[in-house]
């Protein structure tokens, strides 16, 4: 009998805890805009006007997507989108006069990033797409479009610099700075895929032959220092990690309210509202989205409220 009592008590406690962890539906919170701005379901504002989102009721969390670039609710879960893959860097050739000592190469067909596979891979020479230093100082490469080399959404791309030095005259030193690879979408959204600072430890480098000349990667530059006129002929490579060219960061919201934090309160027409104010600085038609949710460790309830805004 005693054991039955304890079993019943446990059931009551479990049921009680379950009720404590449930959450209320956030649709009790109403969100409205000034009805005087409405016409045919669209709210019209001028550039610089304050858009006031009027809220009555309570919710634990409120997120806001303005509908602008990088704040679009439609892109809240997007992680991949095919855009234009753009490579750029600055090069500086120093010492000596040896010509054609640097090649810029790319491929999306590299089984493994090791010396044997790199040498055997089918590379596209994109040197002619870049502006390279000729010895008179550092030069920007310009924006190099390499979209054609990774046409699929799931494709990866490898960028390589191949250096050659010959015996008989002072060998060149090459320094590469400001290197970036970006995924640029038609709407202007840009995702940085590679920078020297973030990829300093991911470059693969190796040399062919007995020369000590080899690339040195760092967070600010890639550099290869050529040998003297009597130095052995040499070939040295430096190759990027696989670059997934369609990657894009999801658009992020503005946190209007989070748990115990409070939002402004003001009175309009004799009624008191909580509110959120936002100002659009460019003309356009935007879908403004409020994501309202209550959450516990066991449950989340979400309501999405959207408004079409015309800013002119």
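Here, each number is a calculation from the coordinates, and none is a lab measurement. The structure presented is a predicted model; accordingly, all values stated were derived computationally and were not measured. Cβ: placed from backbone, ideal geometry, glycine included. Neighbour counts: every protein chain shown.
If you stretched the chain out fully between residue 88 and residue 279, how much longer would it get, using 0.36 nm times the residue separation minus the C-alpha to C-alpha distance? Write down the numbers at each step before the final one.
Details: separation 191, 0.36 × 191 = 68.76 nm, distance 3.49 nm.
Stretched out fully, the residue 88 to residue 279 stretch lengthens by 65.3 nm.
Between residue 241 and residue 129, the modelled labels are 2.2 nm apart [label points 7 Å from Cα along Cα→Cβ]. The ranking of 139, 222 by Cβ neighbour count inside 10 Å, starting from the fewest, reads 139, 222.
Given only helices, namely DSSP H runs of n ≥ 4 each adding -39500 (n - 2.57), what is the per-residue ellipticity at 222 nm of the chain, to the nearest 500 deg cm²/dmol? The partial results should precede the final answer.
On the way: 3 runs with 30 residues, N = 312.
After summing the helix terms and dividing by the residues of the chain, the value is -3000 deg cm²/dmol.
Going by C-beta contacts inside 10 Å, put 64, 158 in order with the fewest on the left. Mind showing how you got there, number by number?
On the way: 64 19, 158 22.
If I rank by nearby Cβ atoms, fewest first, I get 64, 158.
Quick one: grab the alpha carbon gyration tensor of region 84-244, order the square roots of its eigenvalues as a ≥ b ≥ c, and give me rounded if a/c is under 1.5, else prolate or oblate depending on whether a/b is larger than b/c. Note, shape of region 84-244 comes out prolate. Taking each residue as 0.36 nm, the span from residue 296 to residue 214 lengthens on full extension beyond its C-alpha to C-alpha distance by 23.9 nm. Beta-bridge orientation, the chain: approximately 95 percent antiparallel, per DSSP, counting only bridges with both partners inside. Going through (1) 20.4, 62; (2) 19.4, 65; (3) 29.4, 100, the figure that equals Rg and Dmax of the Cα atoms in Å as computed for the structure here is (3).
Between 44, 210, 127, where does the largest GNM mean-square fluctuation fall for the chain, given springs only between Cα atoms within less than 10 Å? Maximum fluctuation in the GNM of the chain, among the listed residues, is at 210.
Exposure proxy ranking for 299, 68, based on other Cβ atoms within 10 angstrom of each Cβ and starting from the fewest, stands as 299, 68. Put a dot 7 Å past the Cα of residue 140, heading toward its Cβ, do the same for residue 70, and the two dots end up 2.0 nm apart.
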